[in-house]
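Values in this text are rule-based calculations from the coordinates and carry no lab data. Just so it is clear, the structure is predicted and the values come from calculations on it, not from any experiment. Please note: Cβ atoms are built from the backbone with ideal geometry, for glycine as well, and neighbour counts cover all protein chains shown.
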Ligand SMILES: NC(=O)c1ccc[n+]([C@@H]2O[C@H](COP(=O)([O-])OP(=O)(O)OC[C@H]3O[C@@H](n4cnc5c(N)ncnc54)[C@H](OP(=O)(O)O)[C@@H]3O)[C@@H](O)[C@H]2O)c1
């Protein structure tokens, strides 16, 4: 069967930006398939949920096949699934680093490789990769996360040149801090924050009023790490759909809108 509505597949749609994007796409008329590792208890209006682990080749192949079998097409892939990784670079073992890359980088590559043959056959499609401010700004104690997002940027920009003649574009979204569960169970180094504590001690000593203000508001959950306001994911996604807010397409300044 081929769906009459356009079909969007969203990874990491159990919470945060992915869930907000899935709901927003459903609200604008897309047939939306939201995915996460265990979606048994996840619901969102207008979104069909399927289990998908982006670190598994089998899981990726099986879900893409299910979507094609059921809806006949995939017009938009939102590669949103991702995890954080805070801590000093020297504290991360290669194994832990590989785990983070497996989700944030290879997960995107697995998904993209699985949908591209269908998009090329359709001669249309959009792959939207959720990168980050960390995709182009280096940050101390975020080297692992930052390098995954830099990898996503290189992959997206290069791939966009390969596939655009087939009617497919690869887009990047580069959010700043957004209020999601992302700040919770992040992957940290084996001795998390030991080096971070040493590394930031001089910052705390010389912090002064601005730092204390930031700490107080952060305790109240109002601010991001840099002391700015942290918007809700729904607000951030709608800003993107409205063409407002921080955003880039790949290649940065010439990609089409959705
Ligand atoms: N929040 C921010 O400040 C911020 C800023 C810039 C960029 N981003 C990016 O935005 C994206 C979404 O983050 P978020 O803030 O919305 O965090 P979130 O609410 O924690 O969402 C992360 C999503 O990724 C999914 N996920 C994790 N591992 C997975 C795996 N192996 N296979 C499939 N799904 C997996 C999670 O689903 P399950 O755990 O249920 O499987 C969840 O739905 C990430 O790529 C992140 O790097 C976030």
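The single residue among 85, 89 that is within 23 Å of residue 132 (Cα to Cα) and more than 12 Å from the ligand (Cβ to nearest atom) turns out to be 89.
Selection of the stretch 50-69 for residues being within 12 Å of the ligand (Cβ to nearest atom) and surrounded by 22 or more Cβ atoms within 10 Å (Cβ to Cβ) yields 52, 54, 60, 63. In summary, residue 3 fulfils each of the numbered conditions (1) under 30 Å from residue 98 (Cβ atoms); (2) part of a loop (DSSP other than H, G, I, E, B); (3) touching a residue at least 40 places away in the same chain (Cβ under 8 Å) with the single exception of condition (1). Between 97, 55, 112, 43, the distinction of being more than 22 Å from residue 233 (Cβ to Cβ) and part of a loop (DSSP other than H, G, I, E, B) belongs to 55 only. Would a scan of the stretch 122-136 turn up a residue that is over 13 Å from the mean Cα position of the chain (by Cα), free of Cβ contacts under 8 Å to residues at least 60 places away in the same chain and within 16 Å of the ligand (Cβ to nearest atom)? Yes, the stretch 122-136 contains a residue that is over 13 Å from the mean Cα position of the chain (by Cα), free of Cβ contacts under 8 Å to residues at least 60 places away in the same chain and within 16 Å of the ligand (Cβ to nearest atom).
Comparison of 20, 13 shows that the only residue that is within 9 Å of the ligand (Cβ to nearest atom), under 18 Å from residue 233 (Cα atoms) and part of a helix (DSSP H, G or I) is 20.
Residue-wise test of (1) surrounded by fewer than 18 Cβ atoms within 10 Å (Cβ to Cβ); (2) within 16 Å of residue 168 (Cα to Cα).
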{"residue": "84", "(1), (2)": "no, no"}
{"residue": "93", "(1), (2)": "yes, no"}
{"residue": "96", "(1), (2)": "yes, no"}
{"residue": "99", "(1), (2)": "yes, no"}
{"residue": "121", "(1), (2)": "yes, yes"}
{"residue": "125", "(1), (2)": "no, yes"}
